[in-house]
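Here's the structure we're looking at; comments come further down.
Quick note: the coordinates plus some simple rules give every number you see, no bench work behind them. Remember, predicted model here, so these are calculated numbers, not experimental data. Note: ideal-geometry Cβ built from the backbone for every residue, glycine included; neighbour counts use all protein chains shown.
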Amino acid sequence: MTRSRLVAVAALSLVASATPAYAAKKPVICNLIKDTAGDAGLGGAAAAGTTYDPSLDILSADLAVSSSMLTAVIRVKDLTKDDTLAPTGRTWNISFTNGTQSVGMSAYLSPLGGEQFSTKKGVFDYAKDQIRIHVALADIPNAKIKKGSVLRGFYLATNVVVGLDPSLNAGSSFAPLGGSTDSTTSTAAFTVGSLSCVKVGK
């Protein structure tokens with residue numbers, strides 16, 4: 001066998017040995033839920049002549065789950081700490097199901113109450129225009145979220161808050177007395193154990 005043929009055989013062997021490892025890599029899920037930009041308006045769609053609010057304009061959302069924690073990320077057009085269009089506050093909500101069990105997570109931002117999360121854990125990231133909400137899996141035992149669970153039935157909504165109804169705030173979400181400004185649903189499914197572009201707990 002000539003030297004050139006030996007080199008060619010060796011190169012093919014390297015490619016063959018590398019292929020299984022490359023094929024085994026899991027795809028990274030990002031932008032699991034998407035929504036049309038520019039459709040967040042007070043009292044209805046912006047196209048209907050209402051006031052557009054970029055802080056409440058949903059662009060996309062994702063989930064990430066570890067063995068002990070779940071993180072939801074809601075991305076908006078332009079997240080601001082203060083909002084003249086919503087002087088009494090704003091909420092961002094995400095819910096989904098695992099089988100027959102529902103999970104709801106919310107963030108609430110107001111001039112008087114500051115930054116609040118229904119799960120007590122989260123981040124308003126004004127630089128990235130993101131609201132990240134964290135919850136320990138142990139705090140949602142009825143949902144029984146574990147590796148292999150398939151989460152689906154996603155619903156996202158943003159609201160201007162006129163007031164909060166205490167009878168509707170059952171620990172998992174803030175229920176605002178006010179008009180929805182943007183909302184979206186998705187038929188996407190997220191299998192726990194999948195790789196996400198979101199970092200759990202960050």
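Listing for the model above:
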{"read-out": "Packing-based ranking, highest mean first, of 112-123, 149-160 given that Cβ atoms within 10 Å are counted", "value": "149-160, 112-123"}
{"read-out": "Nearby lysines by direct alpha-carbon distance to Lys128 (threshold 24 angstrom, same-chain neighbours under 8 apart not counted)", "value": "Lys34, Lys77, Lys81, Lys120, Lys199, Lys202"}
